[in-house]
Every structure is written in C-alpha cells, then in structure tokens.
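Report on the structure given below.
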Amino acid sequence: MTNRDQEIQKLRPGITFGEIPQPLEQFQEVLRQVLKLQNDVLVQTSIHFLENKYKGFSNRDETIKIELFYQTLKKDIPFKKDLIGMIKGLFTSNELDFYLSNQQEINKRLVEFIYKRVVEQL
C-alpha cells in the first residue's frame, strides 16, 4: 500500500457494516465512507451550481428544488462527472482499479447515493 493510499484511508470516517457477501456491495462500504467525508463539498458544490444555473434557486419551493436537482443530475453530464470525480479522487489504488473495472454499475450507485445525500440538505 502506498503512502497516498494510507493517508486517504486515515481521512475516512469509520462506518461499521455487517457481513457483506458481494464485491460490489463491499465496495459500497468504500463509497459510503468517501461520501460521508465529502458530504459538505458535494452539497456546497451542488447548491452553488444550481444557484448559478437557476436564478433564485434557494427561494424556490422544496419540491421544485428537488426536481431541478434531479433533472440537472440526469441531464448535465459535466456536472455529474464533477460530483463523481470528487468521490473518485479519494479512492486508493486498489479501489480505483476495482472502480475502473466496474465503472458503469458503480457510477449508477454513486449518482443514487449523491442524489439522496444532497436532496436531504437542499
């Protein structure tokens, strides 16, 4: 394990999980730790982006905010890639290898996790 990998793992909050049988489910443990670590950055970036894209975003009704965020996450590929990159950048070398070999499935899960986290804090 490289020094970078060790430092990244030290940053992550500890989350205890029960027995996890499948590799993708095991990787979700990593995703949850990194998402928890990056929560404030994801929320702040999302709100800033939405404020710039939709003037007066913060004054809109809660259901409209949620729908705008959902549509933006679905249709604005560069924005979605930025959010995924904020998570991907904190993977260790081995985690990145696993991510790259399962990228499509992991990205789907990541976007769902990001959506749930940000919506709760809009």
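The values are calculated or read from the model by the stated rules, or taken from the named source; none is laboratory data. Source: prediction; values computed, not measured. Glycine also receives a Cβ, built like all others from the backbone with ideal geometry; neighbour counts cover every protein chain displayed.
How many of the residues making up the range 90-119 are in contact (Cβ under 8 Å) with a residue 40 or more places away in the chain, within 20 Å of PRO23 (Cα to Cα) and of a type outside the set (Val, Ile, Thr)? Please lay out each step first, then the result.
If we filter the range 90-119 for residues that are in contact (Cβ under 8 Å) with a residue 40 or more places away in the chain, which is where we start, we get 90-95, 98-99, 102, 105-106, 109-110, 113-115, 117-119.
Right, trim to within 20 Å of PRO23 (Cα to Cα) and you get 90-95, 98-99, 102, 105-106, 109-110, 113.
Going one step further and asking which of them are of a type outside the set (Val, Ile, Thr), we end up with 90-91, 93-95, 98-99, 102, 105, 109-110, 113.
Matching residues across the range 90-119 total 12.
Going by what's in this entry, would LYS75 be described as modelled with pLDDT of 95 or more and crowded, with 18+ Cβ neighbours inside 10 Å? Answer is no for this residue. Could you look through the range 1-35, keep only residues that are outside any loop (DSSP other than H, G, I, E, B) and acidic (Asp, Glu), and pick out the one that is modelled with the highest pLDDT? Applying the filter and picking the extreme gives GLU29.
Only residues that are of a type in the set (A, V, I, L, M), in contact (Cβ under 8 Å) with a residue 60 or more places away in the chain and closer than 20 Å to ASN107 by Cα were counted in the range 21-63, giving 6. Restricting to the range 29-79, name every residue that is closer than 18 Å to PHE113 by Cα and of a type in the set (Gly, Ala, Ser). Scanning the range 29-79 gives a single hit, SER46.
With respect to ILE87, is the statement that it is surrounded by 17 or more Cβ atoms within 10 Å (Cβ to Cβ), part of a helix (DSSP H, G or I), among the β-branched types (Val, Ile, Thr) and touching a residue at least 24 places away in the same chain (Cβ under 8 Å) true?
yes
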